[in-house]
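Take a look at the structure below.
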Amino acid sequence: MATDMTGAGRPGVVSHFSPPVMAILSSQALYSFPLRMARIDFLLPESNQVWQHLEIAAARSHHDARRVYDDFLAATICALSGGQMEERYLQTIKPYSEGRPGRRAIDAFPAALAAVIDAIEKTRQDILGDIFQGAITHGHNGQFFTPENVCKMMAQMTVDAEARNVFDPCCGSGRLLLAAADINPQAEFLGQDVDLRCVHMTAINLALRNLCGWAIHGNSLSSEQWRIHRTGFNGKGVIAEVEPQVCPEPLKRIVTEVHSAATQLVLF
């Protein structure tokens, strides 16, 4: 089942997460393997703990680490859906399933997600984005995310309790939205990016914090949307996929029009 990915249930893990999130993060496959230090450029030491597990998956599957990270994000999205994306989950993990249980590449994924959750609990920072910059892109194609202290400053200058929607049209890993959520967690958070990996990171970051929002795979310049993830507990999971053609009309309006500051805050 997809929920085998989640790696929850450890003492002291995600104690601040809501009961719906904890219900989804309900099982964990624990294991102990010797870990190999990677050559990386992380800002947060906790990111390296996650990356070590993904290195194991890369070594066992003989896949490039970039692909492993992409598939880890995709599998996590499926796991947090609460069983609503089982077919996609099984397709994603198939290349990592060969071998004996406990020694397969896929067995490193639950530990990696557990390490992500531990790191978020400890630091309250953007672990996924730090890994993406420090081990995957290294700034390729200009993919440098706004530093988290700058995100906090922007949010403190602009976000208030009256903002109903916070929209980042090039959201990266969603850290601007997370900074806004520290001030007004009751807002509706919308992040759009042309890079599907960024959309996945944003959806996971919102979902693990039980924030209601939308992570949209689309082009903010052309107003195209290809895939939409809804975050927030929906009775089964904390992530659901919504077809662009059937997404709520208010969302279509928000991502295609500029509203006044009284109804929407746009962070660049």
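The values are calculated or read from the model by the stated rules, or taken from the named source; none is laboratory data. None of the values given here were measured: they were computed from a predicted structure. Counting neighbours? That spans all protein chains shown, and the Cβs are built from the backbone with ideal geometry, glycine included.
Restricting attention to region 85-97, the residues that are crowded, with 17+ Cβ neighbours inside 10 Å and in a loop (DSSP other than H, G, I, E, B) add up to 1. With respect to A187, is the statement that it is crowded, with 19+ Cβ neighbours inside 10 Å and more than 24 Å from P45 (Cα to Cα) true? Spelling it out, A187 is indeed crowded, with 19+ Cβ neighbours inside 10 Å and more than 24 Å from P45 (Cα to Cα).
Of all residue pairs spaced 6 or more apart or on separate chains, those with beta-carbon atoms under 8 Å, a first member in region 194-213 that is within 14 Å of L113 (Cβ to Cβ) and a second member that is of a type in the set (S, T, Y) and assigned to a loop (DSSP other than H, G, I, E, B) are M201/S173; N205/S173.
Somewhere in region 201-212, is a residue part of a loop (DSSP other than H, G, I, E, B), of a type outside the set (K, R), at pLDDT 95 or above and surrounded by 19 or more Cβ atoms within 10 Å (Cβ to Cβ)? Yes, the conditions are met somewhere in region 201-212. Tell me, yes or no, whether region 153-169 has at least one residue that is at pLDDT below 95, in contact with an Asp or Glu (Cβ under 9 Å, 6 or more places away or on another chain) and not assigned by TED's automatic domain parsing to the domain that holds T231. Taking every residue of region 153-169 in turn, none turns out to be at pLDDT below 95, in contact with an Asp or Glu (Cβ under 9 Å, 6 or more places away or on another chain) and not assigned by TED's automatic domain parsing to the domain that holds T231.
Between D126, D130, D118, the distinction of being among the acidic types (D, E), out of contact with any Leu (no Cβ under 9 Å at 6 or more places or on another chain) and not assigned by TED's automatic domain parsing to the domain that holds I204 belongs to D118 only. The single condition among (1) assigned by TED's automatic domain parsing to the domain that holds Y69; (2) buried (at least 17 other Cβ atoms within 10 Å of the Cβ); (3) within 16 Å of S47 (Cβ to Cβ) that P110 does not meet is (3).
Looking only at region 90-106, which residues are of a type outside the set (A, V, I, L, M, F, W, C) and touching a helix residue (DSSP H, G or I) at 6+ places or on another chain (Cβ under 8 Å)? Walk me through how you get there before you give the answer.
Step one: filter region 90-106 for residues of a type outside the set (A, V, I, L, M, F, W, C), giving 91-92, 94-104.
Once the filter is applied, which keeps residues that are of a type outside the set (A, V, I, L, M, F, W, C) and touching a helix residue (DSSP H, G or I) at 6+ places or on another chain (Cβ under 8 Å), region 90-106 yields T92, P95, Y96, S97, E98, G99, P101, R103, R104.
Taking into account only those residues within region 131-181 that are among the basic types (K, R) and closer than 28 Å to S222 by Cβ, which is surrounded by the fewest Cβ atoms within 10 Å (Cβ to Cβ)? Out of the qualifying residues, it is R164.
The set of residues in region 64-84 being surrounded by fewer than 17 Cβ atoms within 10 Å (Cβ to Cβ) and either closer than 22 Å to Q133 by Cα or among the β-branched types (V, I, T) (or both) consists of D64, R66, R67. Would you be able to say whether some residue in region 229-244 is in contact with an Asp or Glu (Cβ under 7 Å, 6 or more places away or on another chain), modelled with pLDDT of 90 or more and either within 22 Å of F145 (Cα to Cα) or β-branched (V, I, T) (or both)? Looking for residues that are in contact with an Asp or Glu (Cβ under 7 Å, 6 or more places away or on another chain), modelled with pLDDT of 90 or more and either within 22 Å of F145 (Cα to Cα) or β-branched (V, I, T) (or both), one finds at least one in region 229-244, hence yes.
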